Amino acid sequence: MATQAMSEKLQQEVEIHFEGKSVKLPVHRGSEDEAGMDLAKLRSSTGLITFDPGYGNTGACKSAITYIDGDQGILRYRGYPIEELAEKSTFLEVAWLLLQGELPTKAELASFSAEIKQHTMLHEDFKRFFSALPKDAHPMPVCAATVGALATYYQDPESERQIHSSVIRLLAKMPTIAACSYKHCIGQPFMYPRNELDYTSNFVQMMFATPCEDYPIDPAAARAIDLLMILHADHEQNCSTSTVRLVGSSQAPLFASISAGISALWGSLHGGANQKVIEMLEHIAREDGSADKYVARAKDKNDTARLMGFGHRIYKSYDPRAAVLKKTCAEVIGRLGKSSKLLEIAMRLEEIALKDEYFVSRKLYPNVDFYSGVIFNALGIPTNMFTVLFTMGRLPGWIAHWLEMRRDPDFRIGRPRQIYTGATKRPYVAIERRG
Ligand code: CMC
């Protein structure tokens, strides 16, 4: 695997003094000159630990996969700008890039694609697995459970060869699992994968076709889904990727680690936001269509409403993925000739928020989920499947991080510390003497 060399030099030190003790902490620099002080000796030298709720200042690893500059709105996979990949690449090419570190040659891409096609089917017994789940189950926990269950079918010890098979199986079976999770809840028969189709068209076929008749796949719709998956493919140490790393750091198998990542992604502050954006837009449309009223609610600290699809922990100018999607959104809706009511409300929300002091002062801009939901909606993807499509997109990123962590010579089990605020030592009280 070729990876970009990390120009890491120890250039500076940070000195910390605390209660008569001191320590000099070396500073590590990354290839884009990001600096981080190395805290390995902090506790043993000073007794201090760091306190960083939400990990806003914590670098948990070194990584050569994805670079983000949130102030400049930059996102690059393995050095390639997201805008170029979105325009010129395909999802499978990007998956290879994330996993292998370089863009594939024609021959590499052809054999990667062929290998994936050999593993797209699920074991027939999974039909019984799905039938045990309620019909109204949200597809996200269905996907998490199914991916976790793959660990029961493939139990060989994780040699390099076995890990390669698990990676291919996961990439191959994820669209099948995603489509089955949907077919299960609408009561239609599962569709088998079709090897003559490309990765994304195959997903569209399994999701929308029925055994009764041929289903004509719209290449433009398949390309829009492929593009969305490219934009979601990795985002360095976000909540779900950090979860995959943390679970994997105990040497839990790949399937179990990815299943945990899917659960982390489901939450509405993370991948689940795309579903929440459409629900918010539909709510506004149902009420009186007033974006202003909803913005006022989002600013009110006594109201739990947030402007879904706005704000990001890292991006403080704009989310470059949202910029690509804003353009795609108008194109897709224009081409499909769909009603643009939800897009109109979205544009109005964005216009108000971008001028509003509350959002401007907090640097809250539209994120990737703001437009992706509108596009999925226009493409006829059911709302509860939006986050499942995010999952399919994020899969190669999760796997690349899991592999990078397992091969890192500095690899240790993840184990944060805490500042204890509970009761100090006290004697046990017999039950008859309590209360
Ligand atoms: N609407 C209204 N106010 C907001 C919003 C929002 N969407 N986002 C942040 N704020 C306010 C927040 O109340 C706080 O105000 P104050 O300083 O007065 O207390 C300030 O902005 C900072 O917010 P925060 O919650 O401390 O920021 P964070 O970095 O912890 O959270 C976030 C980032 C994405 C969870 C948050 O912006 C949010 O909840 N956004 C809506 C959900 C969303 O769209 N999530 C998708 C993220 S992008 C895709 C992905 O990575 O999964």
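The values are calculated or read from the model by the stated rules, or taken from the named source; none is laboratory data. Nothing here was measured: the structure is a model prediction, and the numbers come from that model. A quick note on method: Cβ atoms are made from the backbone with ideal geometry, for glycine too, and the neighbour counts reach across all protein chains shown.
List of remarks:
- Scanning the range 299-316 finds one or more residues that are farther than 25 Å from Ala137 by Cβ and either in a helix (DSSP H, G or I) or in the same structural domain as Ile82 (by TED's automatic domain parsing) (or both).
- Leading residue by the ranking (farthest from Ala346 (Cα to Cα)) among those in the range 360-380 that are among the hydrophobic types (A, V, I, L, M, F, W, C) and either surrounded by 24 or more Cβ atoms within 10 Å (Cβ to Cβ) or within 15 Å of the ligand (Cβ to nearest atom) (or both): Val360
- Conditions (1) closer than 24 Å to Cys212 by Cα; (2) in contact with a Ser or Thr (Cβ under 7 Å, 6 or more places away or on another chain); (3) not aromatic (Phe, Trp, Tyr): number failed by Met191: (2)
- If only residues of the range 293-322 that are hydrophobic (A, V, I, L, M, F, W, C) and surrounded by fewer than 19 Cβ atoms within 10 Å (Cβ to Cβ) are counted, the one that is farthest from the ligand (Cβ to nearest atom) is Ala296.
- Where a residue in the range 200-214 is under 19 Å from Ile177 (Cβ atoms) and its partner, wherever it lies, is in a loop (DSSP other than H, G, I, E, B) and small (Gly, Ala, Ser), with Cβ under 9 Å and at least six apart: Phe208/Gly380
- Every test in (1) more than 22 Å from Gly311 (Cα to Cα); (2) part of a loop (DSSP other than H, G, I, E, B); (3) out of contact with any strand residue (DSSP E or B) (no Cβ under 9 Å at 6 or more places or on another chain) is passed by Arg43 save one, and that test is (2).
- Restricting attention to the range 37-67, the residues that are of a type in the set (Lys, Arg) and touching a Leu at 6+ places or on another chain (Cβ under 9 Å) total 1.
- Any hit, the range 277-296, residues being at pLDDT 90 or above and closer than 18 Å to His235 by Cβ: yes
- Single residue of Glu87, Glu102 found to be at pLDDT 95 or above and closer than 18 Å to Gly393 by Cβ: Glu87
- Failed item, numbered, when Phe255 is tested on (1) within 13 Å of the ligand (Cβ to nearest atom); (2) crowded, with 17+ Cβ neighbours inside 10 Å: (1)
- Counting only helices (runs of 4 or more DSSP H) that sit completely within the range 156-246, those holding 1 or more residues that are over 28 Å from Val332 (Cβ atoms) correspond to 160-186.
- Going through (1) within 16 Å of the ligand (Cβ to nearest atom); (2) farther than 25 Å from Val324 by Cα one by one, Thr176 falls short only on (1).
- Scanning the range 279-289 finds no residues that are under 24 Å from Pro53 (Cα atoms) and within 16 Å of the ligand (Cβ to nearest atom).
- Among the candidates Glu357, Glu404, Glu432, the residue that is within 16 Å of the ligand (Cβ to nearest atom) and more than 13 Å from the chain's Cα centre (by Cα) is uniquely Glu357.
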